[in-house]
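K.L.:
My questions all concern the structure below.
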Amino acid sequence: MTRTRRYDPERRDRIVDAALRVAHDGGIAGITHRTVAAEADVPLGSTTYHFGSLDELLVAALRKANEGLGRVLRDGLGDAGDGGGDELAATLARLLGEWLGGERARVELEYELYLAALRRPALRPVAAEWADTVTAALAPRTDPVTARAVVALVDGVCLQVLLTDGTYDEEFAREMLARVLAGAPERPTRSTAT
């Protein structure tokens, strides 16, 4: 008797979501093929079929987790207008506050996965993708070097809030972002002459 394989195109995504739930509940140390399979309610062989190693599974989880702040910044930058660095700084500080003020466990999970790249080299390219994505979203409003500096400042602010159980100070973040953005070279204005 031959078994027909059930077509389940969303199984891989469900496994990644399950890995995020396992990490959310017990940290990334709790992620194994077995714990994720149980959480996803799939056979163990499905996790090893889609992800040959735990690093592959963590890469997929980090990629999905990275969507959080990156999406908030990309989507919210339209609110910055063209008022220059101060307006951009205020918008970024507000967006960062909204993200940090959301579900704390989700924010902690994003950073736990991000920082796991320190010990798991396979995760480093994905961590770099996040920085590159946010830098690319900022670069049209400043220059690439300043955009990278803003990403570094945002990382620092987030880490301080998360690691010290501090409260996010939007005014401080706005002021520091404005200082970094003030050092950006002048951007040429678009000429309307033909």
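A short reminder: the numbers here are calculations on the coordinates, not readings from a lab. Being a predicted model, the structure only gives us computed values, none of them experimental. Neighbour counts run over all protein chains shown; Cβ positions are idealised from the backbone, glycine included.
K.L.:
Any idea what angle helix 170-182 forms with the longest principal axis of the chain, computed on alpha-carbon atoms, 0 to 90 degrees, nearest 10?
P.N.:
So the helix axis and the longest Cα principal axis differ by about 70 degrees.
K.L.:
On alpha carbon coordinates alone, what is the Rg over Rh value for the stretch 1-144, Rh being the Kirkwood radius?
P.N.:
Rounded to two decimals, Rg over Rh is 1.08.
K.L.:
Just name one of 19, 111, 37: the one whose Cα is farthest towards the positive end of the charge dipole of the chain (beta-carbon charges, Lys/Arg +1, Asp/Glu -1).
P.N.:
So the residue furthest toward the plus end is 37.
K.L.:
Follow-up question, since we're still on this one. Using the charge dipole of the chain (Lys, Arg: +1 at Cβ; Asp, Glu: -1 at Cβ; taken about the Cα centre), state which of 51, 89, 137 has its Cα farthest towards the positive end.
P.N.:
About the Cα centre, the residue reaching furthest to the positive side is 51.
K.L.:
Follow-up question, since we're still on this one. About the Cα centre of the chain, how large is the charge dipole given +1 on each Lys and Arg Cβ and -1 on each Asp and Glu Cβ? Please answer in debye to the nearest 20.
P.N.:
Charge dipole of the chain: 920 debye, to the nearest 20.
K.L.:
At 222 nm, what value in deg cm²/dmol follows for the chain if DSSP H runs of at least 4 each add -39500 (n - 2.57) and the sum is divided by all its residues, to the nearest 500? Provide the component values of the computation, followed by the final result.
P.N.:
Working: 10 runs with 130 residues, N = 194.
Taking each H run of at least 4 residues, the total per residue is -21000 deg cm²/dmol.
K.L.:
What order do you get for 146-152, 115-121 when each peptide is scored by the mean count of other beta carbon atoms within 10 Å, highest first?
P.N.:
Highest mean packing first, the order is 146-152, 115-121.
K.L.:
While we're looking at this one, here's another question. Over the alpha carbons of the stretch 1-74, what is the largest minus smallest coordinate on each principal axis, giving the biggest first in Å?
P.N.:
Principal extents (largest minus smallest coordinate, Cα): 53, 27, 18 Å.
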